[in-house]
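Structure below; questions to follow.
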Amino acid sequence: MSTSTTGRPFIHDDFLLDSQSARHLYHDFAKNQPIIDYHCHLDAGEIASDRRWKNITQIWLGGDHYKWRALRAAGVAEEFITGNAPDREKFHRFADVIPQTLRNPLYHWCHLELARGFGIHTLLSPETADEIYEECSRVMAAPEFSVRGLLRKFNVRVVCTTDDPVDSLEHHRSIRNDPSITTLVLPTWRPDKAWAVDRPDVFLAWMKLLESSVGRVTGGFQSYLEALQERHQFFADHGCLLSDRGMETIPADDCTRDQAAAIFEAVRGGARPSPEDALRFQSFMIHQLACWDADKKWTMQIHAGPLRNNNSRALKELGPDTGFDSIGDLPMARGLSRHLDRLEQAGSLPKTILYNLNPRDNEVFAAMAGNFQDGITPGKIQFGSGWWFLDQIDGMTRQIETLSQIGLLSRFVGMLTDSRSFLSFTRHEYFRRLLCNIIGTDIERGRIPDDDRLVGTLVRDVCYGNARDYFGFPISG
């Protein structure tokens, strides 16, 4: 067992809790709250089938681009990352790298996942790799170690997956009809490809999938919109309560329906639109689809700021979402303002969560949220949690501080995993510990009252209650 010089494990009961007030808030108000993971990339099929894994490499390293980026930075060959090397060898390469990740969030996340997922408090290193690999295999062989077992273990009340409009949602139907699954699992509408005319090959291929999903050819722009709206209703019929969109920036160019139709027809005819026309079409579509969200009383999520697929060689060899995306620096404020204002003018602004990827935009997004609160829905426009490159101590701290100073922390809907791993629910614990430490420090400094009823209520609500009430999930307690 590798421990610190104090003799206690690295991941201990008071990890990240620097004061008595922080420890009190975490253990008495935050720790035992259920988890609502309202944005993630978990596979509904794996929940439906109650997937099991043969070893820790499969559950830990498969699909995790955070870990892949660290391995590449340490000089590990792609064969041991996304390649065909044996699972044990991949794990050994990762164990070689973990000591090099000190002060990178991976060091905390990995040891927290080992502690909570496997009961392992040994520090991962080349010397302990075999011991940990074997112990994880032993734990994973137990009947309760499966997808559904982990959902129960982490007390996950709700999971919202991320789904393309053309998805059949067959796994969601299977989950809904299985009374043994106690976690509410709902789809999220992610229509990014519906406006991807800047990539005609992607857009046209996706159009064929859309036509297949509705069972008819979409001849013109009006029938295209009707097919999309049919799928929107299909998602609603399957319990969907959230939409999401990922954008490099927020376009809000003027574009009439006739102009959008002309751009659509040109792309269908084989033309590549100009960058200006692509943005006009996207502007029209994101407005139209947001109006549908408002009609359904869904929550719209906007993830803005990534610069994707920077490494063209890697994109060609490995495909997208393999760890070669980055933080972008395009302007945000004016487009975001126009997008939200147009919806407000139309009486069609849904509940909205704004996530930025560039930390320079924290104050921009937090201040923008305050412009469109309606005086009816508490926290209607949310400045969302630290996302992607920002879901670590510094990024989450800055998000909490900015929200506290510009908006209402007390109305915040809290953390999410944004993950493809069923071990990543520990991100909620990480966030809760950090939240309690920030507030506990304020109590110790005399900046806020040492009042359990006042502060404890805030902690409970941010960890669970606000998300339960804001999204309107059909759950009790």
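The values are calculated or read from the model by the stated rules, or taken from the named source; none is laboratory data. Note that the structure is a prediction, hence the values are computed from the model and not measured. Cβ sites come from the backbone with ideal geometry, for glycine too, and all protein chains shown count toward neighbours.
Only one residue in H41, H24 is in contact with a Lys or Arg (Cβ under 6 Å, 6 or more places away or on another chain), surrounded by fewer than 21 Cβ atoms within 10 Å (Cβ to Cβ), modelled with pLDDT of 95 or more and not assigned by TED's automatic domain parsing to the domain that holds S326. Which one?
H41
Among the residues in the range 123-136, are any closer than 27 Å to K316 by Cβ, out of contact with any Leu (no Cβ under 9 Å at 6 or more places or on another chain), modelled with pLDDT of 95 or more and of a type in the set (D, E)? Break it down stepwise before answering.
So in the range 123-136, the residues closer than 27 Å to K316 by Cβ come out as none.
Checking the range 123-136: not a single residue is closer than 27 Å to K316 by Cβ, out of contact with any Leu (no Cβ under 9 Å at 6 or more places or on another chain), modelled with pLDDT of 95 or more and of a type in the set (D, E).
Going by what's in this entry, would F324 be described as aromatic (F, W, Y), more than 21 Å from the chain's Cα centre (by Cα), crowded, with 19+ Cβ neighbours inside 10 Å and over 17 Å from P165 (Cα atoms)?
Here the answer is no, as F324 does not meet what is asked.
Quickly run through the range 56-82 and pick out the residues that are buried (at least 19 other Cβ atoms within 10 Å of the Cβ), touching a Phe, Trp or Tyr at 6+ places or on another chain (Cβ under 9 Å) and among the charged types (D, E, K, R).
K67
Can you name every residue in the range 24-44 that is assigned to a loop (DSSP other than H, G, I, E, B), in contact with a helix residue (DSSP H, G or I) (Cβ under 9 Å, 6 or more places away or on another chain) and not polar (S, T, N, Q)?
K31, P34, Y38, L42, D43
Restricting attention to the range 208-239, report how many residues are in contact (Cβ under 8 Å) with a residue 60 or more places away in the chain and within 29 Å of L416 (Cα to Cα).
The first filter runs over the range 208-239 and keeps only residues in contact (Cβ under 8 Å) with a residue 60 or more places away in the chain, leaving 225, 228-229, 231-232, 234-236, 238-239.
Right, trim to within 29 Å of L416 (Cα to Cα) and you get 228-229, 231-232, 234-236, 238-239.
Looking only at that region, the number is 9.
Additional query: Is it the case that the range 369-379 has a residue that's closer than 25 Å to P331 by Cα and either aromatic (F, W, Y) or surrounded by 23 or more Cβ atoms within 10 Å (Cβ to Cβ) (or both)?
Checking the range 369-379: at least one residue is closer than 25 Å to P331 by Cα and either aromatic (F, W, Y) or surrounded by 23 or more Cβ atoms within 10 Å (Cβ to Cβ) (or both).
Provide a single number: the residues in the range 167-218 that are acidic (D, E), within 25 Å of E46 (Cβ to Cβ) and assigned to a helix (DSSP H, G or I).
2
Check G386, G347, G375 and return the single one that is in a loop (DSSP other than H, G, I, E, B), at pLDDT 95 or above and over 22 Å from the mean Cα position of the chain (by Cα).
Working: G386 fails: over 22 Å from the mean Cα position of the chain (by Cα); G375 fails: at pLDDT 95 or above.
Going through G386, G347, G375 in turn, the sole match is G347.
Any chance the range 428-443 includes a residue that's buried (at least 18 other Cβ atoms within 10 Å of the Cβ), at pLDDT below 95 and charged (D, E, K, R)?
So far as the range 428-443 goes, no, none of its residues is buried (at least 18 other Cβ atoms within 10 Å of the Cβ), at pLDDT below 95 and charged (D, E, K, R).
Still on this structure, please answer the following. Do any residues in the range 129-150 that are among the hydroxyl-bearing types (S, T, Y) have Cβ atoms under 6 Å from those of residues that are part of a helix (DSSP H, G or I) and surrounded by 14 or more Cβ atoms within 10 Å (Cβ to Cβ), where the two are at least six apart or on different chains, and which pairs are they?
As it stands, the answer is Y133/F91, since those pairs meet every condition given.
Just need a number here: residues in the range 305-361 that are within 30 Å of E78 (Cβ to Cβ) and either outside the structural domain of M285 (by TED's automatic domain parsing) or of a type in the set (G, A, S) (or both).
7
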